[in-house]
Amino acid sequence: MTPSNASTPALQQPPITRSLLVIDDEPVIRTIARTCLSTAGFAVVEAGDEVGAYAAIQNAANPFDLILLDLTLGETRGADLIPNFRRQSPTTRILVFSGLGAEEVEGLDADGFLGKPFTKASLLVAVSQALTKLPAGSDRKG
């Protein structure tokens with residue numbers, strides 16, 4: 001007897017899990033984002049401030065695929081962190097989010113914007129778009 005192709009399970013590679021770092025000083029926002037993103041299959045790490053964000057980036061086994069960065073982190077301006085994140089993790093995309101409005105991101109080296117409050121659907125769309133577009137600055141000549 002020869003085995004039938006129909007009964008042989010196809011070898012499947014495990015899905016690639018994308019890793020995300022959510023940086024927001026509001027625990028409820030981090031929890032909402034983590035819950036929405038993890039149920040969609042993302043591996044999510046949270047940081048509540050600048051120190052936690054840098055520690056998460058340094059301690060990650062591999063660079064994060066995406067950083068979701070709140071533009072207002074208490075006394076810290078999230079926008080001021082972007083250049084350092086780019087240096088520490090140049091392949092990581094950065095999606096900024098804020099309740100202040102999209103005009104706040106003009107001129108920032110970010111890969112997208114998400115307004116607060118957000119829905120699960122708008123979060124997932126923004127993350128997907130940020131992960132699939134060309135990285136910020138890729139059209140610039142060095």
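Here are some notes:
- Near pairs, Cβ below 9 angstrom, 6+ apart or cross-chain, from the range 112-135 (more than 19 Å from VAL28 (Cα to Cα)) to any residue that is surrounded by fewer than 14 Cβ atoms within 10 Å (Cβ to Cβ) and of a type in the set (Lys, Arg): GLY112/LYS133
- Looking across the range 112-121, not a single residue is surrounded by 15 or more Cβ atoms within 10 Å (Cβ to Cβ) and farther than 15 Å from ASP70 by Cβ.
- Restricted to strands (runs of 3 or more DSSP E) entirely inside the range 15-107, those with at least 2 residues that are touching a residue at least 40 places away in the same chain (Cβ under 8 Å) and surrounded by 18 or more Cβ atoms within 10 Å (Cβ to Cβ) are 19-23, 66-70, 93-98.
- Identity of the residue in the range 122-132, out of contact with any Lys or Arg (no Cβ under 8 Å at 6 or more places or on another chain) and either over 20 Å from ARG34 (Cβ atoms) or buried (at least 18 other Cβ atoms within 10 Å of the Cβ) (or both), that ends up modelled with the lowest pLDDT: THR132
The values are calculated or read from the model by the stated rules, or taken from the named source; none is laboratory data. Note that the structure is a prediction, hence the values are computed from the model and not measured. Note that each Cβ is placed from the backbone with ideal geometry, even for glycine, and that neighbours are counted across all protein chains shown.
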